[in-house]
1. Defining a contact as two alpha carbons under 8 Å apart and six or more residues distant in sequence, what relative contact order in percent does the chain show?
2. Reachable aspartates and glutamates from Lys271, Cα under 16 Å, same-chain residues fewer than 8 places away excluded?
3. Can you put Met329, Met141 in order of accessible area, largest first, using a 1.4 Å probe?
4. How much accessible area does Asp136 have with a 1.4 Å probe, in Å² rounded to the nearest 10?
5. Of Glu202, Glu189, which has the most accessible area and how do the rest follow, probe 1.4 Å?
6. Leaving out ligands, DNA and RNA, and with a 1.4 Å probe, what % of the accessible surface on the chain is carbon or sulfur?
7. Distance from a point 7 Å along Cα→Cβ of Ala284 to each backbone N in segment 292-309: keep the residues under 12 Å and list them by number.
8. Would you mind telling me which residue in Met75, Met119, Met212 has the biggest mean-square fluctuation in a Gaussian network model of the chain, where springs connect alpha carbons within a distance under 10 angstrom?
Amino acid sequence: MNTRAAGLIRTEILALSAYPVPSSAGFIKLDAMENPYTFPEALKAQLMEHLAAASLNRYPDAAASALRTAIREAMGIPEALELVLGNGSDEIIQIIAAACAKPGATLLSFEPSFVMFKMIATFCGLDYAGVPLTADFEIDMKATRLAIQKYQPAVVFIACPNNPTGNLFSREAICEIISISTGLVVIDEAYFAFSCRSFLDEIANFPNAVLMRTVSKLGLAGLRLGLLAGHPEWIRQFDKVRLPYNINCLTQAGATFALQHYSALLDQATKLCAARTHLSAALADLPGVTVFPSEANFILFKVQDSKKTFDSLLSRKILVKHTGTSHPMLANTLRVTIGTASENAAFVAALRDAI
Ligand SMILES: Cc1ncc(COP(=O)(O)O)c(C=O)c1O
């Protein structure tokens, strides 16, 4: 490695590996929790008109006013909450971490959970504490109370439903974490559209909690748009860290139009929930496969030898996520995103041969 870079770059960055994104050309792509359906055909021509009308020669609306209105109306964001928008919710995590990164401050999350919490803590110079989940992937409140007492985290990230386990955490556990935390608690509802519960209507009751969402799992992953809803005092501070013009004009135009047709996106999510029920049952029928319950658009499952199964699926042109090596509690697991009916059928057929 270039010795000048090695001397200049922070040690913890040198020790990191970049977030892996495998090439998926020619594969049935079931690895990244994307919505398999394209934008509704009946609306595509109108979407294109909106995109064509965008002023590419100008900087985008820095306040993204029309998009905010569309988000508020589509998702029913309560009046008491303000919004900050991000280039995906990944950027929101980064904004929060950068704003909270006082020397010695800690970002706390749970393990296994979304890997970007830890990576972004490292990018921003925060210490990271990962509290292990229980064997059934619930929050271990005893360990969490001790960790909160020990680290006094500046910020706690709770992905609910959790990725990659797919479950919702107990509401009581989340409320207790909010009440005992002296720092900020971020509830990450990336998978809200596939789950039966949300904190949106009550988040305003908690002065130290905010709620994060993304449109990525709703069929708009390519637009890169995430949002944080919270009390105006939090949002005002985070908005200072957001880079100007972070939501480009095509995203603003496309997402505004798409969210004005929110019911079409939710219909796709409803179809995926029904497909999840079928796929879970089909997986559970396979010998040696253990399926974990999911409230998201993916399913975590366990096999006898996940590396062998993963390679075998790859050779059959099916790409899932090999979670088996990412955490000891996930040994021999794989995570599959719910696809179209034909993709799911091809996956189950390939898995039957692979195990
Ligand atoms: C729990 C969770 N939060 C946030 C994200 C980031 O989503 P995006 O940056 O696409 O909005 C993901 C992506 O998989 C996720 O699983």
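The values are calculated or read from the model by the stated rules, or taken from the named source; none is laboratory data. The structure displayed is predicted, hence computed values, not measured ones. We place every Cβ from the backbone using ideal geometry, glycine too, and count neighbours over all the protein chains shown. For the accessible areas, the whole protein counts, side chains as well, though only heavy atoms, and no ligand, DNA or RNA atoms are used. Shrake-Rupley method; radii C 1.70, N 1.55, O 1.52, S 1.80 Å.
1. Details: 619 pairs, mean separation 80.9, N = 355.
Relative contact order for the chain comes out at 23 percent.
2. Straight-distance partners of Lys271: Glu34, Glu295, Glu343.
3. Working: Met329 60, Met141 30 Å².
Output order, biggest surface exposure first: Met329, Met141.
4. The accessible area of Asp136 comes to roughly 110 Å².
5. Working: Glu202 40, Glu189 5 Å².
If we order Glu202, Glu189 from most to least accessible, we get Glu202, Glu189.
6. Working: 9040 of 16130 Å².
C and S fraction of accessible area: 56 percent.
7. 292-294
8. Its mean-square fluctuation being the largest, the pick is Met75.
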